[in-house]
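The values are calculated or read from the model by the stated rules, or taken from the named source; none is laboratory data. For clarity, every value in this text was computed on a predicted model and none was experimentally measured. Because the Cβ atoms are built from the backbone with ideal geometry, glycine has one as well, and the counts that use them run over all protein chains shown. Each accessible area value is taken on the protein alone, full model and side chains, heavy atoms only, with ligands, DNA and RNA left out. Shrake-Rupley method; radii C 1.70, N 1.55, O 1.52, S 1.80 Å.
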There are 2 protein chains.
Amino acid sequence: MNQTKRKVKEQFHLFLSNKGLKGTLQRSLILDAFLDLDRSTHIDELYLILRGKHPNIGHATVYRALRLFASAGIAREINLGDGLTRYGVAGGRRHDYLVCNDCGTVTEFENGSIERYQAEVARSMGFTVQSLKIELRGVCNRCMAQAGRHS
Amino acid sequence: MNQTKRKVKEQFHLFLSNKGLKGTLQRSLILDAFLDLDRSTHIDELYLILRGKHPNIGHATVYRALRLFASAGIAREINLGDGLTRYGVAGGRRHDYLVCNDCGTVTEFENGSIERYQAEVARSMGFTVQSLKIELRGVCNRCMAQAGRHS
DNA sequence: CATACAATGACATTCACTTTCAAGCAGACA
DNA sequence: TGTCTGCTTGAAAGTGAATGTCATTGTATG
Ligand SMILES: [Mn+2]
Ligand SMILES: [Mn+2]
Ligand SMILES: [Zn+2]
Ligand SMILES: [Zn+2]
């Protein structure tokens, strides 16, 4: 268990205490699986991973845990309009997404200057910006290479 | 019925002919309601408006019609991650959204330079961009003014 | 017209997600 | 350590947007 992970788990424990909530085996297992993945994921992926080792864990519990992580500031909800809710680790402020239309891979990146400019445009329209999301859809280089090979 | 609307209806009629599909009273009524609104909307809003004058119109028919309009290039699907599919008139290439967290209003705008820059960043990561969506959430000036009045 | 087949609308179904509820468990306090 | 409160769990049922089914109706074309 690396340093970052230890810190997050501590942060979660503190969050629970402050809110009068309880630490449970399930929450610990789900948080471990989430942090160990180290990339954005959806609930079903986590659920299947967890069921492999802990067949008694409940579907609803995974949903509830991820929502809880989000409210604790540990996870970030990602909604890309495909009907699934994804979650990413909340460290940093990544909210720019490259979504491959071929393989579905989601790559996150950050670009501060574009955000500042974009927010400026919004302000000029009398809009107070609270959050910003940029979503690019296309073909990732891996899929592009594969397509070339088949032609 | 203004010039733009007449043109769109003609375009739709042509689309139907080319595909071997049929013009129906319902499709005409739904297209009228959609174009008359002249702002992005979700199916239920259209459905309620239509039910006022035409109580026999079906729920599924409105869904089917809007999907058809989209495939005809008349409507644009908008998905802002709240679980509802919105539709806007497809004229122009607006895909930048200001969403008010207070009143839910969706304002669309376009900003070509930001898009070109953003696409360049993506390309530099080996990603071939096919479409781009920018979503800013915050408070619109109307809601901001109201908040000020109450304080 | 007649005929072929697309479209409609009531209804059922899907799918991601949430809620319910009885049983279980965590943690505070004595 | 034991007790007690009430948070948590998991199975099952429910929710809500959207889509599929299918008998019936409507449309366009010859
Ligand atoms: Mn960013
Ligand atoms: Mn849904
Ligand atoms: Zn790909
Ligand atoms: Zn507003």
Selection count, the stretch B:108-135, where residues are over 22 Å from residue A:120 (Cα atoms) and touching a Gly at 6+ places or on another chain (Cβ under 9 Å): 5
Those residues of the stretch B:19-50 which are open to solvent by less than 50 Å² (accessible area, probe 1.4 Å) and near DNA strand D (Cβ under 8 Å from one of its atoms) amount to B:43
I'd like to check which helices (runs of 4 or more DSSP H) are fully inside the stretch A:50-151 and have at least 3 residues that are within 14 Å of chain B (Cβ to nearest Cβ), without any contact (Cβ under 8 Å) to a residue 40 or more places away in the chain and over 19 Å from the mean Cα position of the chain (by Cα). A:112-124, A:141-150
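Could you please give the count of residues in the stretch A:114-142 that are within 16 Å of ligand 1 (Cβ to nearest atom) and open to solvent by 50 Å² or more (accessible area, probe 1.4 Å)?
Quick first cut of the stretch A:114-142, residues within 16 Å of ligand 1 (Cβ to nearest atom) only: A:114-122, A:129-136.
With the extra rule that they be open to solvent by 50 Å² or more (accessible area, probe 1.4 Å), the set shrinks to A:116-117, A:120, A:130-131.
Of the residues in that region, 5 qualify.
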Within the stretch A:25-58, how many residues turn out to be within 27 Å of residue A:79 (Cβ to Cβ) and either within 16 Å of ligand 1 (Cβ to nearest atom) or among the polar types (S, T, N, Q) (or both)? 4
Residue B:75 fails exactly one of (1) assigned by TED's automatic domain parsing to the domain that holds residue B:10; (2) surrounded by fewer than 17 Cβ atoms within 10 Å (Cβ to Cβ), namely (2)
Quickly run through the stretch A:108-138 and pick out the residues that are in contact with a Phe, Trp or Tyr (Cβ under 7 Å, 6 or more places away or on another chain) and more than 15 Å from residue B:135 (Cα to Cα). A:108, A:138
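Is the stretch A:80-98 home to any residue that is among the β-branched types (Val, Ile, Thr), within 23 Å of residue B:143 (Cα to Cα) and either within 16 Å of ligand 4 (Cβ to nearest atom) or touching a Ser or Thr at 6+ places or on another chain (Cβ under 9 Å) (or both)?
Step one: list which residues in the stretch A:80-98 are among the β-branched types (Val, Ile, Thr), which gives A:85, A:89.
Cutting the leftovers down to within 23 Å of residue B:143 (Cα to Cα) gives us none.
The answer is no; no qualifying residue exists.
Are any residues in the stretch B:8-18 open to solvent by 80 Å² or more (accessible area, probe 1.4 Å) and polar (S, T, N, Q), and if so, which ones? Reasoning before the result, please.
Looking only at the stretch B:8-18, we keep the residues that are open to solvent by 80 Å² or more (accessible area, probe 1.4 Å), and these are B:10-11, B:13-14, B:18.
Of everything in the stretch B:8-18, those that are open to solvent by 80 Å² or more (accessible area, probe 1.4 Å) and polar (S, T, N, Q) turn out to be B:11, B:18.
Only one of A:123, A:86, A:64 is under 30 Å from residue A:24 (Cβ atoms) and more than 16 Å from DNA strand D (Cβ to nearest atom); which? Spell out how you get there, then give the answer.
Numbers: A:123 fails: under 30 Å from residue A:24 (Cβ atoms); A:64 fails: more than 16 Å from DNA strand D (Cβ to nearest atom).
Among A:123, A:86, A:64, only A:86 is under 30 Å from residue A:24 (Cβ atoms) and more than 16 Å from DNA strand D (Cβ to nearest atom).
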